[in-house]
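**Student:** One structure, pasted below without further comment.
The values are calculated or read from the model by the stated rules, or taken from the named source; none is laboratory data. None of these values were measured; they are calculated from a predicted model. Heads up, the Cβs are rebuilt from the backbone with ideal geometry, glycines too, and the neighbour counts pull from every protein chain shown. The accessibility values were calculated without ligands, DNA or RNA, using every heavy atom of the protein model including side chains. Shrake-Rupley method; radii C 1.70, N 1.55, O 1.52, S 1.80 Å.
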Amino acid sequence: MKFYNIKHPNDSLVDFSHAVIYGLGRDQGLFFPSYLPEFTNSEIDDLLNMDFITRSVEILSVYINNGILSKNQILNCVSSSFTFPVPVLWIDDNIAVLELFHGPTLAFKDFGARFMAQMLIEINKYVKLSYMTILTATSGDTGAAVAHAFHNVDNIQVVILYPENKISVLQEKLFSTLGGNIHTIAVNGDFDVCQLLVKQAFSDDLLNKKLFLNSANSMNICRLLAQVCYFFEAVAQLPPLLRNKIIISVPSGNFGNLTAGLLAKSLGLPIKRFIAATNINDTVPRFLSTGSWEPRATVPTLSNAMDVSVPSNWERIMLLFRNKNWNLSELSYGSVHDTIVCDTISGMFNDYSYLSEPHAAVSYYLLRNELKCGDYGLFLGTAHPAKFKDILDTILDKNIASVLLPDCLSSRIFSPSLSVRMPNNFELFREFMLDLKY
Ligand SMILES: *Cc1c(COP(=O)(O)O)cnc(C)c1O
């Protein structure tokens, strides 16, 4: 399997290792598989009977197979990354949740970030870069997942940009307190501003040459491929009778998670349809309804990890639909306002005793509206409710003692943030980068 640059399809193809190391191709083009493999029905049945780790190695091998990384190396990476449970819980007769937040930083991004860190360690055994710089912009959970996944990894410095005062204190403390090889910058601006600074850095020749920049954002194909695995795990946990009947609602910001789900479907996973669920940063739902792509200024919401108005992965989704001859009308969509999110969280708590949080509530609300008689729905729980304790206490008007944070995380709240503050200024940011010590 090779990967090509979406922006320059005629550039030479790269193998998986180089797609991971480069992160992005020329002119910041995203990498995409050169063909879309498909399992036969009986292969799918076999896969769904395997345990999570064994199955994930089989799935990833399809893309990673490059004659350099062995299945055994992939197994090592998978088994040291996917170390936490991925439960499907039924909360009503026809609605279940896939809880993706039991990793070390309590959000689904742990899957992709941890797998990518392990893969880079393996890849570096033969590519032998002397060092590498992970540069990433975060609207919340990416920063924590990447920082924890790469903390103390030799020869790698990590720089994380995030919008100052636009993410929760706990989210910020999760990555800004680690120190060592983890550098964090609070930028005066929103997530799109941070992403733009990162893009500028990637198009700066000197920075690239000197620092071996690598984006660990969901733009990196490695993270997406890791996420394909838990869509298979979800279907494996559902009764076989529900195959082809299940509708999956994906709370979306940069649309990496939905891209991974669609890749899973392209491999033959029997899913009926997906819902692209957003908050009021609804560039994609408006595009799907009107056919015109008109991003607006990003608006802060309770589901802040989804506050993205120019989602990078949308290009990949368009390509997938085109290459598979799927019709965009097969994709359901919707956007949800914060007031409805609050009502939805109370409703879920009162009706099902299920404590949710704003991101999952967006996907649950749209799923509930979409389901018709005989349909079954699954929504993704992308973050642990404990991360949103303050908001939840206010919405539910009680102190939610039952969601106390795991000790290792609650202690972080009292550690001082080591972030530097910076205006939206590329020159200053560039100087910071050139001062990094390896
Ligand atoms: C990142 C994130 C999302 C959005 O995922 P994308 O892959 O960027 O669409 C949703 N929920 C939570 C909790 C997140 O951290």
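**Student:** Mind listing the phi-derived Karplus ³J(HN,Hα) values for the range 180-197, rounded to whole Hz, using 6.51, -1.76 and 1.60 with θ = phi - 60°, and x for any glycine or proline?
**Tutor:** For the range 180-197, the Karplus curve yields x, 7, 9, 10, 10, 10, 8, 9, 6, x, 9, 4, 5, 5, 4, 5, 5, 4 Hz.
**Student:** Roughly what would the spin-label model give for Leu319 and Ser410, points 7 Å off Cα along C-beta, in nm?
**Tutor:** Distance between label points: 4.6 nm.
**Student:** Taking the chain as a Gaussian network, where each spring joins two C-alpha atoms under 10 Å apart, which residue of Phe115, Phe232, Phe321 fluctuates the most?
**Tutor:** Most flexible of the set in this elastic network: Phe321.
**Student:** Which percent of the accessible area of the range 314-409 is formed by carbon and sulfur heavy atoms (probe 1.4 angstrom)?
**Tutor:** 49 percent
**Student:** Taking θ = phi - 60°, what integer Hz values does the Karplus form 6.51 cos²θ - 1.76 cosθ + 1.60 yield along the range 93-107, in sequence order, with x for Gly and Pro?
**Tutor:** 4, 10, 10, 10, 10, 9, 8, 9, 10, 9, x, x, 10, 6, 8
**Student:** Calculate the length of the line joining the C-alpha centroid of the range 124-180 to that of the range 266-329, in whole Å.
**Tutor:** 26 Å
**Student:** Where a Cα-Cα gap under 24 Å defines reach, which lysines qualify for Lys437, not counting those fewer than 8 residues away within the same chain?
**Tutor:** In chain and number order, the partners are Lys125, Lys128, Lys173, Lys199, Lys209, Lys210.
**Student:** What do the square roots of 5 times the Cα gyration tensor eigenvalues come to for the range 7-49, in whole Å, largest first, as semi-axes of the equivalent ellipsoid?
**Tutor:** With the √(5λ) rule applied to the range 7-49, the semi-axes are 30, 12, 8 Å.
**Student:** Can I ask one more? Leaving ligands, DNA and RNA out of it, report the carbon-plus-sulfur percent of the accessible area of the range 199-280 at a 1.4 Å probe.
**Tutor:** 55 percent
**Student:** Do any trypsin sites (Lys or Arg not before Pro) in the range 290-387 lie in a loop, going by DSSP, with at most 16 other beta-carbon atoms within 10 Å of their beta carbon, and if so which?
**Tutor:** The qualifying sites are Arg296, Lys372.
**Student:** Also, I was wondering about something else. Could you state the principal axis extents of the C-alpha atoms in the chain, from the largest down, to the nearest angstrom?
**Tutor:** Result, largest extent first: 58, 51, 44 Å.
**Student:** With n ≥ 4 as the cut-off for DSSP H runs, can you work out [θ] at 222 nm for the chain, using -39500 (n - 2.57) per run divided by the number of residues, rounded to the nearest 500?
**Tutor:** -13000 deg cm²/dmol
**Student:** Separate question: Show the residues, 5+ positions off or on another chain, whose built amide H is closer than 5 Å to the amide H of Gly381.
**Tutor:** Leu98, Glu99, Leu100
**Student:** Another question, if that's okay. Placing +1 at every Lys and Arg Cβ and -1 at every Asp and Glu Cβ, with all other atoms neutral, what dipole size does the chain have around its Cα centre, in debye to the nearest 20?
**Tutor:** 800 debye
**Student:** Can you tell me which aspartates and glutamates have their Cα less than 13 Å from the Cα of Lys71? Leave out same-chain residues fewer than eight positions away.
**Tutor:** Partners found: Glu58, Glu122.
**Student:** Can you figure out the FRET efficiency of Ser34 with Leu396, using R₀ = 51 Å and their beta-carbon distance, to the nearest 0.05?
**Tutor:** Once the sixth-power term is evaluated, E becomes 0.55.
**Student:** Right, something else. Which cross-chain or sequence-distant (5 or more) residues have an amide H under 5 Å from the amide H of Thr177, H modelled 1.01 Å from N in plane?
**Tutor:** Leu418
**Student:** First measure r as the distance between the Cβ atoms of Glu427 and Asn208, then evaluate 1/(1 + (r/R0)^6) with R0 = 22 Å and state the FRET efficiency to the nearest 0.05. List each step's numbers first, then the result.
**Tutor:** Numbers: r = 17 Å, r/R0 = 0.76.
In this case the efficiency is close to 0.85.
**Student:** Taking the Cα centre as origin and putting +1 on Lys and Arg beta-carbons and -1 on Asp and Glu beta-carbons, what dipole magnitude results for the range 20-136, to the nearest 20 debye?
**Tutor:** Here the size comes out at about 800 debye.
**Student:** Among Ser335, Ser415, Ser266, which one shows the highest mean-square fluctuation when the chain is modelled as a Gaussian network with alpha-carbon springs under 10 Å?
**Tutor:** Maximum among the listed residues: Ser415.
**Student:** Along the charge dipole of the chain, Cβ charges K/R +1 and D/E -1, which of Gly347, Phe202, Ile246 sits furthest on the positive end?
**Tutor:** Phe202
**Student:** Sticking with this one: Have a look at Thr298, Thr184, Thr278 and tell me which one the Gaussian network model of the chain (Cα, springs below 10 Å) gives the largest fluctuation.
**Tutor:** Result: Thr298 has the largest fluctuation of those listed.
**Student:** While we're on this one: Among the trypsin sites (Lys or Arg not before Pro) in the range 94-165, which ones are in a DSSP loop with at most 13 other Cβ atoms within 10 Å of the Cβ? Mind listing them?
**Tutor:** Passing both the DSSP loop test and the Cβ count: Lys128.
**Student:** Compare the peptides 238-247, 339-348 by average per-residue count of other Cβ atoms within 10 angstrom and give them in order, highest first.
**Tutor:** Result, highest mean Cβ count within 10 Å first: 339-348, 238-247.
**Student:** Here's a follow-up. Calculated FRET efficiency, Leu129 and Ser12, Cβ-Cβ r, R0 25 Å, to nearest 0.05? Intermediate results must be reported in sequence, preceding the final value.
**Tutor:** Values: r = 20 Å, r/R0 = 0.79.
Efficiency, rounded to the nearest 0.05: 0.80.
**Student:** Per residue, how large is the accessible surface of the chain? Use a 1.4 angstrom probe and give square angstrom. Before the final figure, lay out the partial values.
**Tutor:** Numbers: 16800 Å² over 438 residues.
Per-residue accessible area for the chain comes out at 38 Å².
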